[in-house]
Amino acid sequence: MITTINRRRFNTATLAGALLAGASAGPRDALAQDAATRPIRFVVPFPPGPAGDLTARYYARRLQETTGQLVVIDNKPGGNGFIGVQAALSAPADGLTVFIGSNSAMAANAALFRKLPYDPAGDFTPVHGLMRSPMVILTSPQKPYQTLADLIRAGRQPGNKISYSAGTAAYQLMVELFMSQAGMTAVHVPYKGGMEAVNGVLVGDTDFTIIDLTAPLPLIKGARLRPLAIATERRIAVLPDLPTTGEAGLDNFKVTVWVAAFVRSDTPRPMVDKLAEAIGRIANSRETRDYYAAQNAEPMLLGAVELKKFQVQELELWKRVAAAAKIEPQ
């Protein structure tokens, strides 16, 4: 079982510093000896339960199993991810505090906030990708939209009163990208989280939302939500009758939610490399592929260099989307 930070009692006798001493051959250095006295801390800017939190807990468990190093989960939800970011940046740059970042905190926030209290690219160093999951466009069975074409047609009507819910900056910008490509409009209704936004659709307060498939899948299978399209290249096995966005007429709308590991940018490079090596082995394992396949997701197989390039591309993309949608930064 992975310890959570609020228990605040650690069995330090089990800490062998294996992450640093065992990730590569050779004698322990001073950093490895220091690591033997403290656990690795995953700062998670989500509440317990959603895909980002579950990903953090999966990798924490596997990292603890494979290295012998105790890993604790520190949930710091709220504030558009700012609370978690601050907690990660306030910790020592020793490689033992890992920020579990996603589209929102590490890319989309930069497009939506005029004075972001951190620099997603400058204040953090990417370590390794963890997970990515396809996005699904959802409505309620009580709404009149039987297909994605129905929703788009309604959203193109002058003076339409369609609304969408979004629980994070990334989800908001994904919907704006979707609407731009579809040539439609809808009013944004903000929520505090992804599942809260789904609930807005569920109870009929909003017309639709876009979210990663993992969380709402039980509601879809229970016919409480109606999926209109999946934003992937190919249909998925768990919902074989659900068309892709390409099949529904939007060839270029392919988006995913992603989760990745980051540390403070001034963390010593040897610490980053050894942490990346350990997490990379887990991400590339058959157990991890099987774990995410069961959730209709996949491990994000990007090392530190590739993840940095990807993050820069994401920052540029969502800034373009926000500018095109004339979203006034907060």
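Given the conditions (1) over 20 Å from Phe262 (Cβ atoms); (2) assigned by TED's automatic domain parsing to the domain that holds Ala51; (3) in contact with a helix residue (DSSP H, G or I) (Cβ under 9 Å, 6 or more places away or on another chain), which single one is not true for Ala293?
Every listed condition holds for Ala293 apart from (3).
Kindly indicate which of Ala93, Ala21, Ala56 is among the small types (Gly, Ala, Ser), assigned to a helix (DSSP H, G or I), at pLDDT 55 or above and on the phi < 0 side of the Ramachandran plot. Before the answer, list the steps.
Numbers: Ala93 fails: assigned to a helix (DSSP H, G or I); Ala21 fails: at pLDDT 55 or above.
Going through Ala93, Ala21, Ala56 in turn, the sole match is Ala56.
Are any residues in the stretch 240-263 in contact (Cβ under 8 Å) with a residue 60 or more places away in the chain and either touching an Asp or Glu at 6+ places or on another chain (Cβ under 7 Å) or in a loop (DSSP other than H, G, I, E, B) (or both), and if so, which ones?
Leu242, Pro243, Thr245, Ala248, Gly249, Leu250, Asn252, Phe253, Val255, Val257
For the stretch 158-197: of the residues being surrounded by fewer than 22 Cβ atoms within 10 Å (Cβ to Cβ) and of a type in the set (Val, Ile, Thr), which is farthest from Ala108 (Cα to Cα)?
Applying the filter and picking the extreme gives Ile162.
With Leu89, Leu151 as the choices, which residue is surrounded by 17 or more Cβ atoms within 10 Å (Cβ to Cβ), under 21 Å from Pro39 (Cα atoms) and either aliphatic (A, V, I, L, M) or in contact (Cβ under 8 Å) with a residue 24 or more places away in the chain (or both)?
Leu89
When residues of the stretch 264-300 are filtered for being outside any loop (DSSP other than H, G, I, E, B) and of a type in the set (Ser, Thr, Tyr), how many remain?
Residues that pass the stated criteria total 3.
Checking Phe124 against (1) of a type in the set (Phe, Trp, Tyr); (2) free of Cβ contacts under 8 Å to residues at least 60 places away in the same chain; (3) crowded, with 22+ Cβ neighbours inside 10 Å, only one condition comes out false. Which one?
(2)
In the stretch 162-203, what residues are part of a loop (DSSP other than H, G, I, E, B), at pLDDT 95 or above and out of contact with any helix residue (DSSP H, G or I) (no Cβ under 8 Å at 6 or more places or on another chain)?
Val203
Return the residue satisfying two criteria in turn: it lies in the stretch 264-282 and is out of contact with any Ser or Thr (no Cβ under 9 Å at 6 or more places or on another chain) and either free of Cβ contacts under 8 Å to residues at least 12 places away in the same chain or of a type in the set (A, V, I, L, M) (or both), and of such residues it is farthest from Tyr118 (Cα to Cα).
Ranking the candidates gives Ile279 first.
Take the stretch 181-211 and flag every residue that is in contact (Cβ under 8 Å) with a residue 60 or more places away in the chain, within 17 Å of Val136 (Cα to Cα) and under 24 Å from the mean Cα position of the chain (by Cα).
Result: Gln181, Gly193, Gly194, Met195, Val198, Val201, Leu202, Asp207, Phe208, Thr209, Ile210, Ile211.
Which of the residues that make up the stretch 106-147 are among the small types (Gly, Ala, Ser) and either touching a strand residue (DSSP E or B) at 6+ places or on another chain (Cβ under 6 Å) or within 26 Å of Gly200 (Cα to Cα) (or both)?
Going through the stretch 106-147, the residues among the small types (Gly, Ala, Ser) turn out to be 107-108, 110-111, 121-122, 129, 133, 140.
Within the stretch 106-147, Ala107, Ala108, Ala110, Ala111, Gly129, Ser133, Ser140 qualify.
The values are calculated or read from the model by the stated rules, or taken from the named source; none is laboratory data. From a predicted model like this one, the values you see are computed outputs, not experimental measurements. Don't worry about glycine lacking a Cβ; one is built from the backbone with ideal geometry, like all the others, and counts go over all protein chains shown.
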